[in-house]
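**Student:** Here it is: the structure, laid out below.
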Amino acid sequence: MRTKLFVALFLTFSILIVAQTQEKKTVVKETIVDSTKKNLENTQEKKTIVKETIETTETIVDSTKKNVEKTIKKKITVETKIEKVIWNKLCPIMGEEIDPEVETVEYKDKTIGFCCKPCIRRFNKDPEKHLKSLSDDGQTLR
């Protein structure tokens, strides 16, 4: 009879230990699930923040790009409006009055004007020789 009692007690304790182990497993499992859910929520929040930051950055970049384009257009407009000041009144080749519609040549920090297009080619062959025909201020012939 003692043996039966001992076996009955042993089985009872075994069942209790198994039950407690199952409870602990359940608690651990629930803790892990809760922790994982919180981590997932935090990750989702962080993704949302990163996405919003990216969108804001893209908006700033687009705005900056548009401002740069506007500034460049304004600069180009201003540069095209600046008229070149032609240094000479008379053509260094023919001695006639220059035509402001004819191309000019930049030479030694001066904008040289001409009476006609063919004079430009002749000037470019020997600029020093042709500039000698003009006064130091380019307003008269020598």
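**Student:** So, by mean Cβ neighbours within 10 angstrom, what's the order for 36-45, 107-116 with the highest one leading?
**Tutor:** Listed from highest to lowest mean packing, they are 107-116, 36-45.
**Student:** If you don't mind, another one. Looking only at Cα atoms, what is the convex hull volume of region 29-82 per residue, in Å³?
**Tutor:** Output value, Cα hull per residue: 31 Å³.
**Student:** Let me ask something else about it. Out of residues 5 or more away from Tyr107 or on other chains, whose amide H comes under 5 Å of its own, with H placed 1.01 Å from N in the peptide plane?
**Tutor:** Ile112
**Student:** Using a 7 Å offset from the Cα along the Cα-to-Cβ direction at both Asp62 and Val85, what is the distance between the two label points in nm, to one decimal?
**Tutor:** 4.6 nm
**Student:** What Kirkwood Rh does region 84-142 have if only Cα atoms enter the pairwise 1/r average? Answer in Å.
**Tutor:** It works out to 10.9 Å.
**Student:** Continuing with this model, one more query. Short version: ³J(HN,Hα) in whole Hz for each residue of region 88-94, in order, from phi by Karplus 6.51 cos²θ - 1.76 cosθ + 1.60 (θ = phi - 60°), x for Gly and Pro, what are they?
**Tutor:** Each residue of region 88-94 in turn: 9, 9, 10, 5, x, 9, 9 Hz.
Each value in this text was obtained by applying a stated rule to the coordinates, not by laboratory testing. Because the structure is a prediction, the values reported are computed rather than measured. Every residue, glycine as well, gets a Cβ built from its backbone with ideal geometry; the counts of neighbours run over all protein chains shown.
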